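The values are calculated or read from the model by the stated rules, or taken from the named source; none is laboratory data. Quantities reported herein were computed from a predicted structural model and do not represent experimental measurements. Heads up, the Cβs are rebuilt from the backbone with ideal geometry, glycines too, and the neighbour counts pull from every protein chain shown. These area figures cover heavy atoms from the full protein model, side chains too; ligands, DNA and RNA do not enter into them. Shrake-Rupley method; radii C 1.70, N 1.55, O 1.52, S 1.80 Å.
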Number of protein chains: 2
Amino acid sequence: MKKFVNDPRQFVPEMLEGIYLASGGALKYEPKYNLIYRADAPNPNKVSIIQGSGSGHEPAHTMIVGKGMLDAACPGDVFAGPPVEFVYETTKLLNSPKGVLHIVNNYTGDRLAFEQGREMCEADDIKVETLLVNDDVAVKDSTWTVGRRGVAGNFFVIKAVGAAAEKGASLEELVRIGNDVIANVRTLGIALSSCTPPVKGSPLFEIADDEMEVGIGIHGEPGRQRTKIVSANEIVDLFLNAVVPDLPFKSGDEVALMINGLGGTTIGELYLLYGIAHKKLESQGIKVFRSYVNEYCTSLEMAGASLTLLKVNNEIKGLLNEPAEVSIRVF
Amino acid sequence: MKKFVNDPRQFVPEMLEGIYLASGGALKYEPKYNLIYRADAPNPNKVSIIQGSGSGHEPAHTMIVGKGMLDAACPGDVFAGPPVEFVYETTKLLNSPKGVLHIVNNYTGDRLAFEQGREMCEADDIKVETLLVNDDVAVKDSTWTVGRRGVAGNFFVIKAVGAAAEKGASLEELVRIGNDVIANVRTLGIALSSCTPPVKGSPLFEIADDEMEVGIGIHGEPGRQRTKIVSANEIVDLFLNAVVPDLPFKSGDEVALMINGLGGTTIGELYLLYGIAHKKLESQGIKVFRSYVNEYCTSLEMAGASLTLLKVNNEIKGLLNEPAEVSIRVF
């Protein structure tokens, strides 16, 4: 296994400790609940925003805790939702008079943990609302899901509600904004390789040297089809032909365009895909308001990429333009 | 080959076009010289800062053109220095009354191109100075180098002189600051896998499933030794035992600590390494002023990481804290 690890079972806690130590005091770490949270949270004048979900998708979501994004993240192990206890204890610790917002990617395990955790919190008179992210157009239901999966579009949901919460928006306003983003964001992923969870120690699935999986899930779940690898131009067509008609995105629309790396693909290839997608969208009259080219939601070291479109209005544009301060950064 | 490409020979220009299109007008692109440059350059009140070097190390250096960093980048093809013509034409186009600074990583091809390009510019009465980055402690001379190689420490040189240039520093001041950073920065890299240049279409070198290369070069050049993969704790010892005594870094020193991914390693593993290194340094009395955990200087999709230490004084700390605006970003 080509990984930097000690005991593979300690991969997640050791990574979380690194995030904590790298933060220079901006974050706190509670190992009992795999909990990374803002050192200044909870803030009584601000809704607390929490995500759980599995590890192995970094920087989502443990590395986007900070000002203007999440207040806390309490992940499970690699590709495993958090136990109910993590959700309950995190929500109690982060409880604010303005309420707590759970952002949940639509996977059965995550949903169960957050639904039960929310019920336990409500019994304690903690005010909780939930956003359910389901941006992946690849499949209607999947191995791990009833309904569509939540993938890289999750970033935009967190960015928008995180910025609004920073300005003092109420829990009800955040639910409206978050659901507006969810209604307008769509993603498709394509994998060129598998990935190896540290404890498993072997690849999640087999894929031939000349093959790709179109519509891959971020836990290696099957997508729409297994085909021969085609050119980058044809791959962008596969992305856009799935994503554009789904909303649909139309001539005259303004969008945020994200090319997200799945972990093992170079940033150079992501920019190459970006350039092709940008030109094809503009030729359809769809204007790119802002570009996002990086790793946002990965599947460990999987080679591959996803394309996300978010249709933006003035409110969303304003929220995307707000600053944020999180672990994952260059400077 | 598990890559998103069209014609592999067009990989670099298509990537550069993507960088240009993603910039929203902040950058310009001149395909004749693989040239990405700031839309507001040259600025007559500011020294212009230029880097050439090979492609395949992204985000270095084409994706760190922008305010507070490089004014222009004119890369060669993957792992190939730029032709002299690129250096000459780029320097002429970016010429400022305050002068032009070339930042050159110490590889024979890069040095030749920049030395000849500088001579041609000086014949045109363009004022040029050169910084030579050589932070890699792994080997004294290497396949591609007389003297030490320039690797991820390059980021800190650009950050410091980029920030100072933004404040109007003279060419002579930038040379002093840059050489101060170079004198205080040290790096070692470890590879777990090889990588595949797009045109070659096959891995640069062979490495067994249980092996790693200690002291790897960013073009796959051999390092100090080929050994079995050891635990992350032992790997951090290998890093620190090579880097710390080299300057030497001593108890009481303040440092910037960078864990740089070589391309195919997950950000989770990089944070895991960071946490271990942070604790080991603090136990030696070496205080971490600021953390850098991301991909800064890659070798395509190579699995691996490097550790860089920069000893900081008040001047360098101030320059590292300045803002910058480049392609590579999260928000």
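Distances between equivalent label points of A:Glu315 across the copies, with each point positioned 7 Å along Cα→Cβ, amount to 5.2 nm, shortest listed first. Looking at the protein assembly as shown alone, DSSP beta bridges between its own residues are antiparallel in about 55 percent of cases.
Calculated mean residue ellipticity at 222 nm for the protein assembly as shown: -9500 deg cm²/dmol, from DSSP H runs with n ≥ 4 weighted as -39500 (n - 2.57), summed, divided by the residue count and rounded to 500. Just checking the listed ones, B:Asn179, B:Asn233, B:Asn106: in the Gaussian network model of chain B with Cα springs under 10 Å, the one fluctuating most is B:Asn233. For A:Lys127, the aspartates and glutamates whose Cα falls under 17 Å of its own Cα, not counting residues fewer than eight places away in the same chain, are A:Asp71, A:Glu89, A:Glu115, A:Glu119, A:Glu172, A:Glu173. Once B binds A, the 1.4 Å probe can no longer reach about 5500 Å² of accessible area, counting both sides.
Kirkwood radius and radius of gyration were both taken over the C-alpha atoms of the stretch B:185-320, and their ratio Rg/Rh is 0.99.
Both numbers refer to the Cα atoms of the stretch A:124-272; Rg and Dmax are 17.4, 55 Å.
About the Cα centre of the stretch A:185-320, how large is the charge dipole given +1 on each Lys and Arg Cβ and -1 on each Asp and Glu Cβ? Please answer in debye to the nearest 20.
Dipole size: approximately 460 debye.
Placing a label point 7 Å from Cα along the Cα-to-Cβ axis, B:Lys279 is separated from the same position in the other copies by 5.0 nm, shortest listed first.
Beta bridges from DSSP with both residues in the stretch B:157-308: antiparallel share about 65 percent, rounded to the nearest 5. Of the beta bridges in chain B, as assigned by DSSP with both residues counted there, near 55 percent are antiparallel. Across the cross-link table entries A:Lys2/B:Lys200; A:Lys140/B:Lys2; A:Lys46/A:Lys287; A:Lys3/B:Lys3; A:Lys98/B:Lys287, which are compared at the Cα atoms, the separations over 31 Å belong to A:Lys46/A:Lys287; A:Lys98/B:Lys287.
Counting only protein heavy atoms and a 1.4 Å probe, chain A has 33 square angstrom of accessible area per residue.
With a 1.4 Å probe and every protein chain kept in, tell me what percent of the accessible surface of the stretch B:8-183 is carbon plus sulfur. Carbon-and-sulfur percentage of accessible area, whole number: 50. Selection among A:Leu238, A:Met258, A:Val312 by position relative to the dipole of the stretch A:185-320 gives A:Val312 as farthest towards the positive end (Cβ unit charges, Cα centre).
For chain B, the alpha carbon positions stretch 53, 48, 40 Å along the principal axes, listed from largest to smallest.
Largest first and in whole Å, the equivalent-ellipsoid semi-axes of the stretch B:8-183 read 21, 20, 16, each the square root of five times a Cα gyration tensor eigenvalue.
How many Å³ per residue does the convex hull of the Cα positions in the stretch A:1-66 occupy? It is 97 Å³ per residue. Between A:Val146 and A:Ala183, the simple label model (points 7 Å from Cα in the Cβ direction) yields a spacing of 2.4 nm. Rounded to the nearest 20, the Cβ-based charge dipole of chain A about its Cα centre (Lys and Arg +1, Asp and Glu -1) stands at 540 debye.
Positive end of the dipole of the protein assembly as shown (Cβ unit charges, origin at the Cα centre): among A:Ser194, A:Leu132, B:Ser299, the Cα lying farthest that way belongs to A:Leu132. Summing Cβ point charges (Lys, Arg +1; Asp, Glu -1) relative to the Cα centre of the stretch A:79-216 gives a dipole of roughly 340 debye. As a ratio to 2.2 N^0.38 Å, the alpha-carbon radius of gyration for the protein assembly as shown is 0.91. The trypsin sites (Lys or Arg not before Pro) of the stretch B:69-175 meeting both criteria, a DSSP state outside H, G, I, E and B (loop) and at most 12 other C-beta atoms within 10 angstrom of the site's C-beta, are B:Lys140, B:Lys167. For the stretch A:175-233, what does the alpha-carbon gyration tensor say about shape, rounded, prolate or oblate, given a ≥ b ≥ c as the root eigenvalues, a/c under 1.5 as rounded, and a/b over b/c as prolate? Here the stretch A:175-233 falls in the oblate category.
Among residues of chain B, the one whose Cβ lies closest to the rotation axis carrying chain B onto chain A, together with that distance rounded to whole Å, is B:Gly264, 2.
What helices does chain B have that are whole DSSP H segments, at least 20 Å long along their own axis by Cα, and with mean Kyte-Doolittle hydropathy of -0.5 or more?
On the way: long enough: B:108-123 (23 Å, -0.84); B:267-283 (24 Å, 0.22).
The qualifying helices are B:267-283.
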